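Working notes, structure below.
Derivation of every value follows stated rules applied to the coordinates shown; laboratory data play no part. Note that the structure is a prediction, hence the values are computed from the model and not measured. Every residue, glycine among them, receives a Cβ derived from its backbone with ideal geometry; neighbour counts consider all protein chains shown.
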Amino acid sequence: MIRAAIFGVTTELDMFTSPDFARTQRDEQAKTGAPGRADLLSAGYLATAPGGHGTEYGMAVPTLTKPEEAQAWVDARIAEGSDYIKIISENGKLYGHEIPTLDKATIAAIVQAAHKRGKLAVVHISTEDAAKEALEAGADGLVHIFTDRAPEAGFVALAVNTKRSLRLR
């Protein structure tokens, strides 16, 4: 965050970290303005399946497996201080190893749960199909880019047409 400020970046969007770390940074920002570093907004924990992307870093990550768990999962992240919700849609196939990932219905339920609480929902993707599914589920943004192919005709129109206005609390 110090390097970011050196290059003129005033706010960083963290996609996955310990809620305790994010809380410490947020508290410092509130108390001192955190001069000399960029402000931090964080997703805290990411929404992923057991054994899915994000669980490989040695940190215990709360996971979910079905749509019915979405609202409680989102509510717990907000209680921990998440500024927005990051969802994983990554099966690993593009990189030569399959890993578990959330299904379409669960991703859609997490997006709806985030919106119900006035939070943005962004989705980690690496394929165009995952990007389309995220947009169709109502995601507010895509995290990273897809690299499996050039965008098909109509992808940009899909992204523009699914744009929504969300009032954040």
Relative to the longest principal Cα axis of the chain, at what angle does helix 70-80 sit, 0 to 90 degrees, rounded to 10? 10
Measure of compaction for the range 61-169 (Cα Rg per 2.2 N^0.38 Å): 1.06
Any idea which of 145, 158, 85 is furthest toward the positive side of the dipole for the range 85-159, if Lys and Arg beta-carbons carry +1 and Asp and Glu beta-carbons -1? 85
222 nm mean residue ellipticity, helices alone, for the chain (DSSP H n ≥ 4; -39,500 (n - 2.57); rounded to 500): -10000 deg cm²/dmol
Rounded to the nearest 10, the angle in degrees between the Cα long axis of helix 104-116 and the longest principal axis of the Cα atoms of the chain comes to 40
Count of lysine pairs in the chain with Cα separation under 26 Å (8 or more residues apart, or interchain): 24
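Near residue 86, within a Cβ-to-Cβ distance under 12 Å, what is the net charge of the other residues, with Lys and Arg +1 and Asp and Glu -1?
Working: positive: 77, 119; negative: 14, 83, 90, 140.
Net of charged neighbours comes to -2.
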Local electrostatic count at residue 104 - Lys and Arg +1, Asp and Glu -1, tallied over other residues with Cβ under 10 Å: -3
Take the Cα gyration tensor of the range 61-104, multiply each eigenvalue by 5, square-root it, and list the three semi-axes largest first, rounded to whole angstrom. 24, 12, 8
To the nearest 10 degrees, how steep is helix 19-32 against the longest Cα principal axis of the chain, on a 0 to 90 scale? 40
Where labels lie 7 Å past Cα in the beta-carbon direction, separation of residue 18 and residue 32 in nm: 1.9
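Output the relative contact order of the chain, whole-number percent, from Cα pairs under 8 angstrom with separation of 6+ residues. Present the calculation step by step, with values, prior to reporting the outcome.
On the way: 304 pairs, mean separation 29.2, N = 169.
It rounds to 17 percent for the chain.
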Using alpha carbon centers only, the range 100-169 is separated from the range 48-64 by a whole-angstrom value of 20
Sum of side-chain charges, residue 19 neighbourhood, beta-carbon under 14 Å (Lys, Arg +1; Asp, Glu -1): -2
